[in-house]
Amino acid sequence: MKKIYTLLAIMLTCALTSCDWLKEDEDIAYTLEGTWQGEMYIKSTWGSRTYNSTYSEVTFLKDPYRYSNGDGYWVDYYSDAPWDYVANHITWRVDYGTIRVHFVEDGTNITIRSYRLNNNRFSGWIEDGANDVEFHLTHVSSPNWNRYNYWGYDSWRNDYYYSRPTRSADNDTTHVERPVRSVGK
C-alpha cells in the first residue's frame, strides 16, 4: 500500500511540474508574439558567393488554439546581394523554454536557447545544428487585433515570398532560384 501512495505522489508531482512548464511556455509565446527587427547574423550562399544580411525581421503569430506555438514569417534583408531580401514562412513552438523555428520553404530548422526576452528586447543564441550565433532584436509591433478579420490566410502568405528572380547563365530565361540560408558571421 505504501508503494501505491509513493507512486501516486510521484505522479502528482510530475503532473504539477509539467503544468508549470506549460504555463512558462505559454508566457514566453505570449511575449514573443509580434514583429521583431535586428541583427540575426544570417548569411546566404548563392553560386560561389556568400552574402551577409544587414538585418532581419521576424514575425511570430501565436496560434489561438494552442498554448505555445504558431506561425509567421522571417525576412532577411541584404544590401550587397543580387536580391533585396530572402523570406520564409515559419512555424514555431516553445518547448520547455526552448524556441524551435522551422523554415517552411527551406525545410530547415533553428533552435533559440539561452535568450533574454521582454516586451521590448529579445536577444540570445540561435543554432542551426553546426553554428551558434548571438542575436539582438527589438520589438517593433504587435498584431493589430482590431483589423484581424482583414488578414486573409493567403494574403500574408503571398506577400512574403522570395525576392526578384535571378537570371540563368545564358541570360535568356528568368527563373526563381533560392539562395541557401545559414547562420554565422
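The values are calculated or read from the model by the stated rules, or taken from the named source; none is laboratory data. Fair warning: this is a prediction, and the values are worked out from it, not measured in the lab. All Cβ positions, even for glycine, are placed from backbone atoms using ideal geometry, and neighbour counts span all protein chains on display. Accessible surface is based on the protein model in full, side chains and every heavy atom, while ligands, DNA and RNA are left aside. Shrake-Rupley method; radii C 1.70, N 1.55, O 1.52, S 1.80 Å.
Before moving on, here are some points about what is shown:
- Entry remark, the range 111-132: residues being hydrophobic (A, V, I, L, M, F, W, C), touching a strand residue (DSSP E or B) at 6+ places or on another chain (Cβ under 6 Å) and open to solvent by 10 Å² or more (accessible area, probe 1.4 Å) number 1 in total.
- Extreme residue, modelled with the lowest pLDDT, among residues of the range 7-54 that are aromatic (Phe, Trp, Tyr) and in a helix (DSSP H, G or I): Trp21
- Identity of the residue in the range 79-105, of a type outside the set (Phe, Trp, Tyr), more than 12 Å from the chain's Cα centre (by Cα) and crowded, with 17+ Cβ neighbours inside 10 Å, that ends up farthest from Arg181 (Cα to Cα): Ala81
Results for (1) touching a residue at least 24 places away in the same chain (Cβ under 8 Å); (2) in contact with a Lys or Arg (Cβ under 7 Å, 6 or more places away or on another chain); (3) not charged (D, E, K, R), shown as yes or no for each residue.
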{"site": "Asp80", "(1), (2), (3)": "yes, no, no"}
{"site": "Ile110", "(1), (2), (3)": "yes, no, yes"}
{"site": "Arg116", "(1), (2), (3)": "no, no, no"}
{"site": "Trp125", "(1), (2), (3)": "no, yes, yes"}
